Structure formats: structure tokens, C-alpha cells
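Working notes for the structure below.
The values are calculated or read from the model by the stated rules, or taken from the named source; none is laboratory data. Note that the structure is predicted; figures quoted are calculated from it, not measured. Cβ placement follows ideal geometry from the backbone for every residue including glycine, while neighbour counts extend to all protein chains displayed. Just so you know, the surface numbers come from the protein's heavy atoms only, side chains and all, with ligands and any DNA or RNA stripped out. Shrake-Rupley method; radii C 1.70, N 1.55, O 1.52, S 1.80 Å.
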Amino acid sequence: MKSSVVIGDLLKHSASKYGMKQKEIAKATGYANATTNGHFNGNPVGAEAAIHYGEEFNDSEFSWMLSKELLGLIGIINGNGVRKEILALSVLQKREAAERKQVEQQLEIEYLMTIPEELLTKEQQESILIYLLEYADELLFEISHINRQLEILGMSFMDLMKLKMPVWEEREWIQG
């Protein structure tokens, strides 16, 4: 995990989205006005402070973009090359899933998963990577679709995870 990130543009976008002024954000986070102003204008933000901003905004887009910056995780659809409405994201996710399944069949990925890792050829490893790149496209649209639906409910992805984590822990899918 990075120890600091530059999130000025992300802060400006979120402040605009919620109609908040820098001073309001500084007061909500407990940071000095000058510190918050510096963060808005491109000064590096420590990981803890960045997460604190995320908690204050409680916004899925902010959280995903922050996780992308801090941890290198997948982001969400936020570019101009695609519509961000629920139906559009659903259609695009289904298209990406179909493409992934086609690649999975063409490259015989299920068969490749039966081969011990140390016996995979370079070509077989490349086939798995091609498949995973297709899968990443599908996940991007799936996560974006979920986030858009959460926005309608006034929830963030963090809110959803707070509800779901105890269930996953109980099923022993994850450790708390």
C-alpha cells in the first residue's frame, strides 16, 4: 500500500458532487483549512487522511478511486467513453461476460486449470493471462453496475461491505 497519494482532483470532484466547500470538508474531517486546501491543490495526502476523507464522503466512487490509488485495485467506470446508467452498465457487463466465456472456450481455460502450475508452458500461461484480462473488463463493469445501484439507495460500497462482511465471516469465506 502506498503511504501517500495525490487526490486533489478526486476531492474537488466529490466536493462538487455534494455541493461542499473546502472549509466544510476541513471542519468535518478535523483538518486545518490550510491542510485541506493543500490536499485539494495537489499536496500528497497520507493514507490515513485519505481514508478519513473517504469516510466523510461515504461515496462509492471516491472509495473505489481511492482504493485504486492506494492499493492498485480496480476502479469503476468514470470516463467519458461509456454511459454510466444502470441499463447501459448491465448491457456492457453482459457483453464483456460473453467475450470472457468465448475466450475461455477458445483457449481451453478449464483444461489449463487442471495442469499443475509448474508444468504450464509459456503459451499456456499467456492464454491464462489473456483470459484474465477479459475477466478484468467484465469485473470493471460489474463493480460499476453495483456502485450505480448503491447510489440510488444512498449507500456506498463500504456500507454494503459492512452489511455483508459478517455473513461472509460466518460462512468462513473470509477471516475477520
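Observations
- Test: Lys94 is open to solvent by 100 Å² or more (accessible area, probe 1.4 Å), part of a helix (DSSP H, G or I) and at pLDDT 95 or above: no
- Residue in segment 158-168 that is farther than 12 Å from Asp59 by Cα, more than 15 Å from the chain's Cα centre (by Cα) and among the aromatic types (Phe, Trp, Tyr) present: yes
- Scanning segment 97-118 for residues that are closer than 13 Å to Leu129 by Cβ and among the β-branched types (Val, Ile, Thr), we see that the one that is least open to solvent (accessible area, probe 1.4 Å) is Ile109.
- When segment 1-34 is filtered for residues that are among the acidic types (Asp, Glu) and surrounded by fewer than 12 Cβ atoms within 10 Å (Cβ to Cβ), only Asp9 remains.
- Segment 128-176 - residue that is part of a loop (DSSP other than H, G, I, E, B) and of a type outside the set (D, E, K, R) and, of those, surrounded by the most Cβ atoms within 10 Å (Cβ to Cβ): Ser156
- In segment 35-62, of all residues being of a type in the set (Val, Ile, Thr) and open to solvent by 30 Å² or more (accessible area, probe 1.4 Å), the one that is farthest from the chain's Cα centre (by Cα) corresponds to Thr35.
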